[in-house]
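All of the numbers you see were taken from the coordinates with simple rules; none came from a lab. Keep in mind the model is a prediction, meaning the values are calculated, not measured. We place every Cβ from the backbone using ideal geometry, glycine too, and count neighbours over all the protein chains shown.
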Amino acid sequence: MKTADPELMRANNRLNVLNTIRRNGPISRVEISESTELSTTTVSAITASLLDDGLILTRHLGDIRNETSRGRPRVMLEVNPNAARVVGAKITANRLVFAVTDFSGNVLSNLTLPIRIDRQPISVIADLIEDGVRRCVIDANLSMSDIKSVCLGLPGVIEHRTGIVRSCPIFREVNVDFSTEMTQRLGIQTIVESDSHAIALGHHWFGRARDLSDMVLISLEQTLGLGVLHGDRLFRGAGGLSHNLGDLVLGLDEHGVQRLSGQAGEAAIFSNHLSDERFAEALRLGRGMDHARNLIAAKDEGLLRAAVRAGRAAGLTIANIVTIFAPPRVILVGTSLALGEPFLNSLQSAYDLSIPPSLKGVTELVFDDATDDFWARGAAAVALFGLYESTWTTTGPAH
């Protein structure tokens, strides 16, 4: 019988302990042992190593100088926020949003640049992102030498392990090695990640899924994305591929393949209004959904039908995902939520009709109006998770 790789087991145990301290700290070694189901001896050895690396700190509860207290003060452990700083970014067609955080994920600075970058040459997009990263770092009163990692969240299909962007609505080109491009410019290891994965990890670390180890997140934006969390880790495809939910096939007819994006994507929702100059201008400025919401409030029949159709397709898709994964919670985020009741009611009705009886009541649907800053913080969480997994030396993480 093949035994487990001891090095891999040690690395997983170390990550488990560090993550437990981050989520629950200040926390005692005994509590860590109970939470992780690791022996107290193993926990003591791992925490000693983390203390040596400067990744965690001790905090003493109780005052040994107090005559009324008996025994030694309890030694609690917490993440050292100054162990590292990272930058996370949400990259969209019409704005760049950045966040600098410490090792605990606390935000040190935010920056939003309302710049339209879609269909620009890769070099121009890279220039603008580089400037944004550097400005946000300066705003945090730091220098680039203080930053250990950068993560850029992009829409589309992305290979996490290689940093290759297979397809992205912002880029003219396909199969762009954007990680190498940005790493060379910044002089810092740069992760390129699906924005859906970034916001999913953001919710697990800081938001509506802090209490869960397993959940599903669906993003409804320019592209339709999927993030699946299992055992506190993001599930990725071959090569670390992200999941473009918009490519999901809903059916076949005489016109060919019917995909989710053709019914619930931004382009499908707005398709009959692009000839309206005001609507087209709002869309170029990244305010298409806000303008659509106003038109729906004014009872625009075309948009009402589009919102209901999109909600129905999304609800059916969510029911299929729940049938496969049966997660305790599905979090929905993204600009399409701004379509309001016609979209949301249609989604909920389609979901309720489509979910199998055996799974009714298993999954909670949560609608979250996450800010752009929170998406950027989610990208920072991806960078931090990479550092948490790393082997550390006296000079920092060994990539």
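Between residue 167 and residue 235, how high is the FRET efficiency from 1/(1 + (r/R0)^6) when r is the Cβ-Cβ distance and R₀ = 25 Å? Nearest 0.05. For residue 167 and residue 235, the calculated efficiency is 0.80. So which trypsin sites (Lys or Arg not before Pro) in segment 141-248 end up in coil per DSSP with only 10 or fewer other C-beta atoms within 10 Å? Listed in order of number, the matching sites are 210.
Tell me the label only: which of [x] 132; [y] 194; [z] 178 is volume of the Cα convex hull per residue in Å³ as calculated from this structure? Working out volume of the Cα convex hull per residue in Å³ from the coordinates points to [y]. Taking the 0 to 90 degree range and rounding to the nearest ten, how far is the long axis of helix 6-24 tilted relative to the main principal axis of the chain, both from C-alpha atoms? The angle comes out at about 80 degrees. Compared with the direct C-alpha span, the chain from residue 358 to residue 118 gains 82.0 nm at full extension, assuming 0.36 nm per residue.
Between residue 212 and residue 184, what length comes free when the chain is fully extended (0.36 nm per residue of separation minus the Cα-Cα distance, one decimal in nm)?
Full extension from residue 212 to residue 184 adds 6.4 nm.
Enumerate the aspartates and glutamates that residue 360 could reach by cross-link, defined here as Cα to Cα under 16 Å, with residues fewer than 8 away along the same chain left out. Counting by Cα, and skipping residues close in sequence, residue 360 has these aspartates and glutamates nearby: 352.
The trypsin sites (Lys or Arg not before Pro) of segment 298-399 that DSSP puts in a loop, and whose beta carbon has at most 10 other beta carbons within 10 Å, are 299, 360. DSSP beta bridges confined to the chain are antiparallel in about 70 percent of cases. The aspartates and glutamates within cross-link reach of residue 148, meaning a Cα-to-Cα straight distance under 18 Å and a gap of 8 or more places when in the same chain, are 53, 102, 130, 131, 139, 181, 193, 389.
Test of understanding: given the chain, find the longest segment containing no GluC sites (Glu not before Pro) that are in a DSSP loop and have at most 14 other Cβ atoms within 10 Å. By the stated rule (loop sites, at most 14 other Cβ atoms within 10 Å), 255-399.
Taking all Cα pairs closer than 8 Å and separated by 6 or more residues, the relative contact order of the chain comes to 15 percent. Ignoring aspartates and glutamates fewer than eight residues from residue 299 along the same chain, the ones with Cα atoms less than 18 angstrom from its Cα are 276, 290, 341.
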